[in-house]
Amino acid sequence: MNITYVTYSNETPQLGGAPEQDSVLLDAYSNTVVNVAKKVSPSVVQIKVSGRVADATSERKNAVPPQRRSPGRDERDGGTGSGFIISSDGYIITNNHVVAGASTITVSLPDSREYEATLIGRDPATDIAVIKIYADNLRAIRFADSKQLQVGQIAIAIGNPYGFQYSLTTGVVSALGRTLRSESGRLIDDVIQTDAALNPGNSGGPLVNSYGDVIGVNTAVILPAQGICFAVSSNLAALVAGKLIMNGRVRRGYLGISGQLINLTERIKQYNQLNVRTGVMIVSVEPDGIAGNGDLQQGDIIVGFNDQPIASVDDLHRLLTDDTIGRQIQLTVLRENRKKGVIVTPGEMK
């Protein structure tokens with residue numbers, strides 16, 4: 001399965017000329033949106049789930065602040081969401097929270113065909129999931145390089161709000177590089193903020209640019225605020241989707257500790273020549289775990305990971321990638337207010 005990326009140059013039209021010129025530009029904008037709708041709509045699907053495991057919903061309630069709601073998950077044992085086709089052989093991206101705990105997943109195509117889908121894999125840490133249907137004549141959507149995005153670019157959200165078949169809203173890229181707390185408690189990096197309206201049922205649908213290429217996966221809206229919606233960037237979504245298709249999961253490193261944020265005094269910072277104001281204090285160590293078999297101790301304050309500073313638990317999570325599993329890393333810790341290097345070998349998070 002190949003995921004296609006595209007690149008293009010940015011041209012900035014100028015408004016503010018004669019009324020006739022402005023009308024031409026507005027007509028061009030309208031035509032752009034119409035063309036995007038025609039291009040993308042065959043690739044956007046409606047997802048219906050049933051038989052949801054009861055505690056899957058409570059997990060989200062406990063992990064996600066109530067004002068940040070994912071616009072697609074029904075609080076009953078069923079629900080609806082959106083997704084989009086990424087390959088002609090039936091792979092579909094959606095949100096983890098749309099399909100988590102479901103016993104059956106039904107995909108409705110724009111041409112009214114319906115198929116029961118197979119869950120390929122899901123990643124609560126990024127709210128991305130991949131499902132698959134076995135059907136012919138599927139049109140895949142392309143991925144844009146989200147690193148090339150600029151604030152102010154057109155953003156078009158497509159999905160199935162409130163269970164209705166296919167709806168489109170427009171806006172702009174409001175901000176880049178946001179972070180969003182996922183169901184697992186980890187931060188999702190490189191999140192796109194947009195004012196393109198998202199409503200219940202939009203979750204998992206594509207956020208596309210003026211070329212009709214995916215720049216993000218719609219995932220959350222801030223309530224009760226208006227015009228603050230979020231999408232997982234296309235680069236992250238494509239990376240995670242590829243790993244889910246290959247392995248059914250995303251591998252991450254694990255140290256076997258629990259920790260909490262702690263402030264460092266100026267004296268400790270200066271004495272140890274630290275560039276961080278906070279660190280991660282180890283609250284507990286699994287006795288038979290990875291950290292317990294090393295030299296990490298309860299009360300140690302982690303301030304470094306190889307050559308990178310650690311100022312929060314999220315920093316630690318971000319660096320414990322699949323590349324660290326089974327490989328030695330050096331943690332810099334403060335023990336009795338003195339800096340010390342500790343060698344550990346992360347295992348795999350289960």
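Rule-based calculations on the coordinates, nothing more; no lab input. Not measured: the values here are computed from a predicted model. FYI the Cβ positions are ideal-geometry reconstructions off the backbone, even for glycines, and counts take in every protein chain you see.
So the values come out like this:
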| read-out | value |
| --- | --- |
| Ile222-Asn247 pseudo-label distance in nm [points 7 Å out on the Cα-to-Cβ vector] | 3.4 nm |
| DSSP-assigned coil residues among GluC sites (Glu not before Pro) in region 260-350, each with at most 11 further Cβ atoms within 10 Å | Glu336 |
| In order through region 24-37: 3J(HN,Hα) via Karplus (6.51 cos²θ - 1.76 cosθ + 1.60), integer Hz, x for Gly, Pro | 4, 5, 5, 5, 5, 4, 4, 5, 4, 5, 4, 5, 4, 4 |
| Theoretical FRET efficiency, 1/(1+(r/R0)^6), r = Cβ-Cβ of Asn337 and Leu119, R0 45 Å, to 0.05 | 0.35 |
| Percent RCO, i.e. relative contact order, over region 253-348, from Cα pairs under 8 Å lying at least 6 residues apart | 31 percent |
| Histogram of C-alpha separations across region 144-273, 10 Å bin width, % | 12, 36, 27, 15, 9, 2, 0 |
| Hz values of 3J(HN,Hα) by residue in region 132-146 - Karplus curve (6.51, -1.76, 1.60), Gly and Pro given as x | 9, 10, 10, 8, 9, 6, 9, 9, 8, 9, 9, 9, 8, 7, 5 |
| Sequence-distant residues sharing a close amide H with Asp300 (under 5 Å, placed H) | Ile282 |
| FRET efficiency for Ser284 and Ser23, using Cβ-Cβ distance with R0 set to 56 Å, rounded to 0.05 | 0.25 |
| Gained length - Gln308 relative to Arg267, 0.36 nm times residue gap less alpha-carbon distance | 12.6 nm |
